[in-house]
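Scroll down for the structure; my scribbles are underneath it.
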Amino acid sequence: MEKVRVRFAPSPTGYLHIGGARTALFNWLFAKKHNGKLILRIEDTDTDRLKEDSVSQILSSLKWLGIDWDEGPEKGGEFGPYFQSQRQELYTMAAQTLIQENKAYHCFCSVEEIEEERQKQRQAGKPFRYPGKCRGLSSEEVQTRLKQGLPSVIRIIVPEVGHVLVEDIIRGTVSFEAEQFDDFIIMKSNGTAAYNFACVVDDHAMQISHVIRAEEHLSNTPKQCLIYRALGYELPLFAHLSMILAPDRSKLSKRHGATAVGEFQEMGCLPEALVNYLTLLGWSPTEAQGELVTPDQTIPYFSLEKVSKTAAVYDIHKLIWLNGQYMTSYDIDSLTRQAIPFFIQAGLISDLEALEKREYIRDVVNTVRERVRTLGELAEASRYFFQEIGDYDEKGQEKYFIKQEGVEALLFKGRECLNTLDRFNVESVDSAYRQLMDELQIKGGLIIHPTRLAITGRTVTPGLFEVMALLGKRKCIERLDKAIEFIQQM
């Protein structure tokens, strides 16, 4: 295979969407597989829709996912600049070349004239096609109008018959009838390049070998092929990734929940889990690999030919499940580092406590992580380790404090049992309670469930003795005393 150079070219009109992240990831995997390069290009020519912080958000999201680019913003490269707004001179020169070769022309038709023609064709039941009114203007007429300062766009001349064939690695040969295209605009009246034209000029100048992008761009590809051929450029290889649909198979939108990478980050998803999930949206690992796959495991097997033609369905439940799997096996120090901002945001610790109590926080994270699926859930599930209990679970109160006969005496016996311990760890607490159960000849649940509620305020937690050991002797006795007093006042 020739030298692989792929590109991810987002438009900074919003934050990095899950579809864009999947496109970036597949480009990155393909480049890594073939020892190629990934170029990041910011397509910022649509000034009306630009969002001020979009570029920084896109870059930070890619970094968070671990998708690194070889050339582009913050890194530079020999084919820069990597912002389209800084490449206008290239587009102007290419457009002038087409005009000189009689492959494009200035169009002076006003917005009103175009709209009038549009209405005529609509009334005739035809789709709008620019009729080529300015195609026959002589060079003298064109120069005269330009000198008069009349606004104009530049249109490329499109053959009126025939077919435009797009060779797609994923979809095979896709044919488009030439007659469905008019002489479309390549340079706007304000002197900026139209999307399709800028895209072609940049991909050629940056020596892009493969254009891997979303299926929604397939309709742009025949126009781009026409531009490539008019300019005498060699076409890259195209691969259009299937759409990502909502669970109801409609177009994915914000009404279906989180769709931007930053939102998943705020939810407490781990970057490795999201990358794993994105990998499965349109590509399948080997049976031996299973569903938990890292980029290192994916790269040797990744190929565009194995990317599915059918739409992938977004499933937040699958992502959260995957995230839970990663939570249980994640490096504990890295997990703690990523969890701390969620603990701070939840009001459990201060910035200073994040430093002073690092070892304790690490132990809490390690104790709780198998019971939760996200960092957000981790913080919430850890609340009783950092804050006093404000209330007890209502159903738990009913079941273990109100309806369970003799529960006050059981909690008191447990309190006295703990008070006698010199060493306070999982083994000593476990042994003490097992001995107490034997002495009282009761099943474990009779004392463990109300003790859990008394210690944590909850009915579901990690192992009770692990929780108690982490909280410490004094805190456990205080909470048992508080629960006994609560029961007495009921």
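Between residue 160 and residue 135, with labels modelled 7 Å along Cα→Cβ, what's the label distance in nm to one decimal, could you check? In this crude label model, residue 160 to residue 135 measures out at 0.6 nm. Name the shape class, rounded, prolate or oblate, that the alpha-carbon gyration tensor gives for the stretch 356-472, where a ≥ b ≥ c are the square roots of its eigenvalues, rounded holds for a/c under 1.5, and otherwise prolate holds if a/b is larger than b/c and oblate otherwise. The shape class here is oblate.
Using R0 = 51 Å, the C-beta based FRET efficiency linking residue 229 and residue 292 works out to 0.65. Helical runs assigned H by DSSP (4 residues or longer) give the chain a calculated mean residue ellipticity at 222 nm of -14000 deg cm²/dmol, each run adding -39500 (n - 2.57) before division by the residue total.
For residue 424 and residue 321, a Förster radius of 51 Å and the Cβ-Cβ distance give a FRET efficiency of 0.90, rounded to the nearest 0.05. Look at the alpha carbon pairs under 8 Å that are at least 6 residues apart: their mean separation over the length of the stretch 277-366 gives a relative contact order of 26 percent. Considering only alpha-carbon pairs that sit under 8 angstrom and 6 or more positions apart, the relative contact order computed for the chain is 13 percent.
Working note: Karplus 6.51/-1.76/1.60 with θ = phi - 60° gives the stretch 89-102 the couplings 4, 4, 5, 4, 4, 5, 5, 5, 4, 5, 5, 4, 8, 6 Hz, where Gly and Pro are set to x.
Only loop residues by DSSP count here, and only those with at most 11 other Cβ atoms within 10 Å; note down the GluC sites (Glu not before Pro) in the stretch 354-433 that meet that. Passing sites in the stretch 354-433 are 388, 405.
Residue ranking by accessible heavy-atom surface, 1.4 Å probe, largest first, among 48, 202, 351 comes out as 48, 351, 202. Taking 0.36 nm per residue of sequence separation and removing the Cα-Cα distance, the residue 97/residue 284 pair yields an extension gain of 62.8 nm. Computed from Cα positions, the angle between helix 426-440 and the longest principal axis of the chain comes to roughly 50 degrees. Computed from Cα atoms, the angle from the helix 358-368 axis to the main principal axis of the chain rounds to 90 degrees. For an R0 of 25 angstrom, estimate the FRET efficiency from the Cβ-Cβ distance between residue 173 and residue 207 and round to the nearest 0.05. For residue 173 and residue 207, the calculated efficiency is 0.50.
Compute the relative contact order of the stretch 341-490 as a whole-number percentage, counting only Cα pairs closer than 8 Å that sit 6 or more residues apart in sequence. Across the stretch 341-490, relative contact order equals 28 percent. Exceedance of the 27 Å cut-off in Cα-Cα distance is limited, within the set 223/318; 32/223; 443/473, to 223/318; 32/223.
Here the chain is assigned +1 on the Cβ of each Lys and Arg and -1 on the Cβ of each Asp and Glu. Its dipole about the Cα centre then comes out at about 580 debye. A 1.4 Å probe run over the chain, with the rest of the protein chains in place, finds 50 Å² accessible per residue. Give me the base-10 log of I(q)/I(0) for the stretch 57-97 at each q in 0.15, 0.22, 0.30, 0.32 Å⁻¹, Debye formula, one uniform scatterer per Cα, rounded to two decimals. The computed values of log10 I(q)/I(0) come out as -0.49, -0.77, -1.01, -1.06. Computed from Cα atoms, the angle from the helix 54-65 axis to the main principal axis of the chain rounds to 50 degrees. As a fraction of the 1.4 Å probe accessible area of the stretch 150-199, surface on carbon and sulfur atoms comes out at 56 percent.
The values are calculated or read from the model by the stated rules, or taken from the named source; none is laboratory data. Given the structure is predicted, the values throughout are model-derived calculations rather than measurements. Please note: Cβ atoms are built from the backbone with ideal geometry, for glycine as well, and neighbour counts cover all protein chains shown. Calculation scope for accessible area: heavy atoms of the full protein, side chains included, ligands and nucleic acids excluded. Shrake-Rupley method; radii C 1.70, N 1.55, O 1.52, S 1.80 Å.
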